[in-house]
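The values are calculated or read from the model by the stated rules, or taken from the named source; none is laboratory data. If you're wondering where the values come from, they're calculated on a predicted model, not measured in any experiment. So basically every Cβ, Gly included, is an ideal-geometry build from the backbone, and we count neighbours across all protein chains shown.
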Amino acid sequence: MEKSRDAVSIANLRAAYAEAAADYLTEGKSGNQDIKKNVDLKGKKTDEFSGLGAELPFDLDATLTAKDGTAAPVEVTFSYDETNNKWTAKVGA
């Protein structure tokens, strides 16, 4: 069951990332940006989403993989680093 919950969490993260990237591109912004999105995380264990997070097109900050045992929506900040051309996702600010 946990792996299926983690798969849902990963799908939700991918969807939020796509929205954040689209927001970044359509608003014509440049430079480093932080874009906040609400994401429903279903997993309840601290196991880095059953290893599924390694396939994401952005880096997972440790705050995203440290779960407290509850499945709940969280505010995820997608940060774009223009210098390194890289996105990172973390919980909160």
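Which of the strands (runs of 3 or more DSSP E) found entirely inside the chain contain at least 2 residues meeting this: of a type in the set (K, R) and modelled with pLDDT of 80 or more?
Result: 33-41, 86-91.
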_Which residue is nearest to I10 (Cα to Cα), if the candidates are limited to segment 76-91 and must be surrounded by fewer than 17 Cβ atoms within 10 Å (Cβ to Cβ) and more than 9 Å from the chain's Cα centre (by Cα)?_
K86
